[in-house]
Amino acid sequence: TSAALTLLGGSVAALVVWKWLGKKMIQKKMEEARRTRDEGMKKMAKAVQQFREQVPSAQTDAILSLPLLELSGRLQEGSLSPRTVLYTYLEKALEVTQQTNCLRHFIPECEEQLQEIEQHKEKGLLYGIPVSIKDHIGHKGHLATCGLVQCLGTLVEEDSVLVKVLKKQGAIPFAMTNVPQSLFSYDCSNPIFGRTSNPWNSQKSPGGSSGGEGALIAGGGSILGIGSDVGGSIRLPSSFCGLCGLKPTAERLRWVLDLPFQPCPCALGPMARDVDSLALCMKALLCQEMFQLDPTVPPIPFNEEVYSSSTSLRVGFYDTDGYFPLPPCMRRAVKETRRALQAAGHQLVPFSPPRIPYVLTELFLKTFFADGGRSWLDVFTGDIVDPGLKPQVNSCKMPRLVKKLLALLLKPLVSPYVAMISTCRSVKEMWNHHHQIQVYRSQFISQWKELQLDVVLCPVLGPAFTRGYPGKLLTAITSTMLYNVLNFPAGVVPVSTVTEADEEELKLYKGCCDDPWDRALKQAVSGAVGLPVAVQCVALPWQEELCLRFMKEVETLSRDQ
C-alpha cells in the first residue's frame, strides 16, 4: 500500500508540475506576442516622429476632419499626398490605442505599399486611403490570432483576396485591430492583447467581434475599416461606437477560398463614419480584380444607379422582434426614423419577423453548436479562457444530460446557455437542420414579397454595454443574428444619442418578463447618456446598393433633424 500511495503521490505531483509548465509556456508565448506588438508600436511612433520632423507644417486636424469622399478627392487631384495622410492617421491611431487598446498590430509594410502606389500612374478608387483591418483578415507576414494562443506561431503566407484588392485599388492597410478570443463574442477582450474599451466611455464595451475596428474608427484613428459578421460582429460595434457598418450578403465579398460550407456564413464588410464611405468601399472592392482572384464571387459590379436613386421606397418596420425587448432609446430611434421617412414621402408598412425564439435556438445556435460545442471548445486547447467567455465555455463542457435537466428545471432562466444543447446527433439531423434554414428563408421572403417591401427598418442592440455584460447576454443579439441566418444585407446607421429622458424611462424597463436576463440588460445599458443610438436597415440578398441607398436616406433625415 505504501508503494501504491507513493506512486499515486508521485503521479499527482508530476501532473501538477506538468500543468504548471504548460501554463508557464502559455504565459511565455503571450508575453512574446505582446512584446512583438509593443515593438511594432514603437516603430510606428518613430516613423511618425521622423515624418513630423521632415514635414512640420502638415495640417493634422484638417486632414482628420475630412470625410472619406472629400479626402479621396484631394488625394486623386494631388492637393494632398498619400504620405501626409498615412502619417497623420498613424499618429492618430497611436493616440487612440493608448486610450482604448484597439490595435493588435501595426503593419510596417504600409510604407512599401505607399511607395508602390506613388509609382503607379493609374490611381485606384481608394488611392492613398489608409485602411485598418480586423485581426483575422489575412495579411502576408502577419498573424491571424483570433485572440488564441494556438494561432501565435503561424504567420500568414499570402495576402487574402480582400487585402490584395484593397492594395490594387490604392488603399494602404496600416493596422490590424483587436478582437475577442475565438471571435465568438460581442465584447472585445482576449488574454493575449487584453481588453479594448469604447472611445466614448472607457467603462463601456466597443462591441464585437470587430470591436478593435469600432474603437479605432470612432476614436478617429482610421477612416475606413474592414470587419466580419457572423451574428452581428460588424453591426454591434457600429451601434455601440456610433458608426455606419454594412454586413453584405456573405458571398458578395469572399475572404478565403477554403471555408467549409456554413448554413450561416461569415460576411466581410466595411465600417466607417458615414454611408458614402461604405458605398465607395463596396464600389472599389466589387471590381474585376476581385472577380478574377476569387471566381466564387459573383461578377456583379456596384450598381451606382440604384445607390443614387431618389424614388420613394416601401419600407417595412418593427421596433421589437417580440423576443428580447430592447432598451427604450433603441425603440425610440426606430419610431423617430419611421416618422421622418413617412414625412419624406416613403410608404411605411408594419412588418413582424416570424418565430424569433425558434430562429435563435433551432437555426442560429444549432449552426455553431451542432456538435455540442466540441469544435469550439477545441480552439481553447492549451489556452487560458477569457473571463467573458467562461459562462459559454463552462456550459458547453456540461454533460448533455445535465444540460437537459437544467433546461427542464430552470427554463427560461438558463435559456441562453441551455440553447447550446440543440445538437445535431446524426448526419440526417444535420441535413434536416440545413433544410429548415432554407425553409425559413423562403417563408420570410414570401412574407416580404406579399407586403411588396423594398427594405426593412428595425432596431439593433444598443446602446453600448458596460464592459463584461455581453458575455452574460448571448441571446440579446436576436436583432442582428436574424439577418445572418437569412443571409440578407443589413447595415447600421447612428441616428441619435441617449437622452436623460431615455435614462429615466429605462428605470421602468421590465423587458419581456422581468427575469434575470431582462435585469442584466437594464444594468448593461444604464449610465449611457450621450452615447450613440442607431437603427438597422435591411434589404433582400444581393441588394447591397439598395440597402446602402436606404441607409443614406436614414442618415440624411437624421442629420436634418
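Summed over region 1-40, the residues that are more than 28 Å from A93 (Cα to Cα) and either among the aromatic types (F, W, Y) or part of a helix (DSSP H, G or I) (or both) give a count of 25.
Reported count of residues in region 437-446, each being of a type outside the set (S, T, Y) and open to solvent by 50 Å² or more (accessible area, probe 1.4 Å), is 4.
Do the conditions hold for A58, that is, is it open to solvent by 10 Å² or more (accessible area, probe 1.4 Å), out of contact with any helix residue (DSSP H, G or I) (no Cβ under 7 Å at 6 or more places or on another chain) and of a type in the set (A, V, I, L, M, F, W, C)?
It is false that A58 is open to solvent by 10 Å² or more (accessible area, probe 1.4 Å), out of contact with any helix residue (DSSP H, G or I) (no Cβ under 7 Å at 6 or more places or on another chain) and of a type in the set (A, V, I, L, M, F, W, C).
Residue-by-condition table, conditions (1) buried (at least 20 other Cβ atoms within 10 Å of the Cβ); (2) in contact with a helix residue (DSSP H, G or I) (Cβ under 9 Å, 6 or more places away or on another chain):
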| position | (1), (2) |
| --- | --- |
| Q76 | no, no |
| P82 | yes, yes |
| Q99 | no, yes |
| D135 | yes, yes |
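Being surrounded by 13 or more Cβ atoms within 10 Å (Cβ to Cβ), out of contact with any Asp or Glu (no Cβ under 6 Å at 6 or more places or on another chain) and under 27 Å from D187 (Cβ atoms) narrows it down to one residue among K23, K29; which is it? It is K29. The combined condition, being under 19 Å from H136 (Cα atoms) and open to solvent by 10 Å² or more (accessible area, probe 1.4 Å), is fulfilled by E251.
If you go through region 488-507 and keep only what is surrounded by fewer than 22 Cβ atoms within 10 Å (Cβ to Cβ), touching a residue at least 40 places away in the same chain (Cβ under 8 Å) and part of a loop (DSSP other than H, G, I, E, B), you end up with just T499.
In a helix (DSSP H, G or I), hydroxyl-bearing (S, T, Y) and modelled with pLDDT under 95, is that true of S57?
No, not satisfied.
Does A33 satisfy the condition of being among the aliphatic types (A, V, I, L, M), touching a residue at least 12 places away in the same chain (Cβ under 8 Å) and either under 30 Å from F380 (Cβ atoms) or in contact with a Ser or Thr (Cβ under 8 Å, 6 or more places away or on another chain) (or both)? Yes: the conditions hold for A33. Whether any residue in region 185-201 is open to solvent by less than 10 Å² (accessible area, probe 1.4 Å) and farther than 27 Å from P391 by Cβ is what I want to check. There is no residue in region 185-201 that is open to solvent by less than 10 Å² (accessible area, probe 1.4 Å) and farther than 27 Å from P391 by Cβ. If a residue has to be under 18 Å from Y318 (Cβ atoms) and among the hydrophobic types (A, V, I, L, M, F, W, C) to count, how many in region 527-559 make the cut? Summing the residues that are under 18 Å from Y318 (Cβ atoms) and among the hydrophobic types (A, V, I, L, M, F, W, C) in region 527-559 gives 11.
Residue count for region 211-235 satisfying the condition of being open to solvent by less than 10 Å² (accessible area, probe 1.4 Å), of a type outside the set (G, A, S) and within 17 Å of A250 (Cα to Cα): 4.
Can you say whether S352 is at pLDDT below 95, hydroxyl-bearing (S, T, Y) and either under 30 Å from R519 (Cα atoms) or part of a helix (DSSP H, G or I) (or both), as far as the supplied structure shows?
It is false that S352 is at pLDDT below 95, hydroxyl-bearing (S, T, Y) and either under 30 Å from R519 (Cα atoms) or part of a helix (DSSP H, G or I) (or both).
Of the candidates L313, L341, the single residue that is at pLDDT 95 or above, open to solvent by less than 30 Å² (accessible area, probe 1.4 Å), over 24 Å from the mean Cα position of the chain (by Cα) and more than 21 Å from T497 (Cα to Cα) is L313. Checked against the criterion of being crowded, with 24+ Cβ neighbours inside 10 Å, of a type outside the set (K, R) and under 25 Å from M30 (Cβ atoms), region 261-268 has no qualifying residue.
Residues checked against (1) within 21 Å of R235 (Cβ to Cβ); (2) in a helix (DSSP H, G or I); (3) without any contact (Cβ under 8 Å) to a residue 60 or more places away in the chain:
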position	(1), (2), (3)
T97	no, yes, no
K121	no, no, yes
F174	no, no, no
V179	yes, no, no
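Which number in (1) in a helix (DSSP H, G or I); (2) small (G, A, S); (3) open to solvent by 40 Å² or more (accessible area, probe 1.4 Å) marks the one condition that S479 misses? Among (1) in a helix (DSSP H, G or I); (2) small (G, A, S); (3) open to solvent by 40 Å² or more (accessible area, probe 1.4 Å), S479 violates only (3). Scanning region 151-168 for residues being part of a loop (DSSP other than H, G, I, E, B), under 26 Å from Q292 (Cβ atoms) and hydrophobic (A, V, I, L, M, F, W, C) gives a total of 1.
Would you confirm whether or not region 545-561 contains a residue that is assigned to a loop (DSSP other than H, G, I, E, B), free of Cβ contacts under 8 Å to residues at least 60 places away in the same chain and not acidic (D, E)?
Within region 545-561, none of the residues are assigned to a loop (DSSP other than H, G, I, E, B), free of Cβ contacts under 8 Å to residues at least 60 places away in the same chain and not acidic (D, E).
Contact map, region 294-322: residues that are within 20 Å of P248 (Cβ to Cβ) paired with residues that are basic (K, R) and in a loop (DSSP other than H, G, I, E, B), Cβ distance under 6 Å, separation 6+ or inter-chain. Pairs shown: D294/R254; T296/R254; V297/R254.
Residue count for region 447-468 satisfying the condition of being modelled with pLDDT of 95 or more, open to solvent by 10 Å² or more (accessible area, probe 1.4 Å) and closer than 13 Å to S205 by Cα: 2. Looking at D514, is it more than 16 Å from the chain's Cα centre (by Cα), among the charged types (D, E, K, R) and open to solvent by less than 30 Å² (accessible area, probe 1.4 Å)? No. Among residues of region 1-27 that are closer than 16 Å to F380 by Cα, those with a beta-carbon under 7 Å from a residue that is part of a helix (DSSP H, G or I) and aliphatic (A, V, I, L, M) at least six positions away or on a different chain give the pairs I26/V149.
The values are calculated or read from the model by the stated rules, or taken from the named source; none is laboratory data. These numbers were taken from a predicted model, which means no experiment stands behind them. Glycine also receives a Cβ, built like all others from the backbone with ideal geometry; neighbour counts cover every protein chain displayed. We work out accessible area using only protein heavy atoms, side chains counted, and drop any ligands, DNA or RNA first. Shrake-Rupley method; radii C 1.70, N 1.55, O 1.52, S 1.80 Å.
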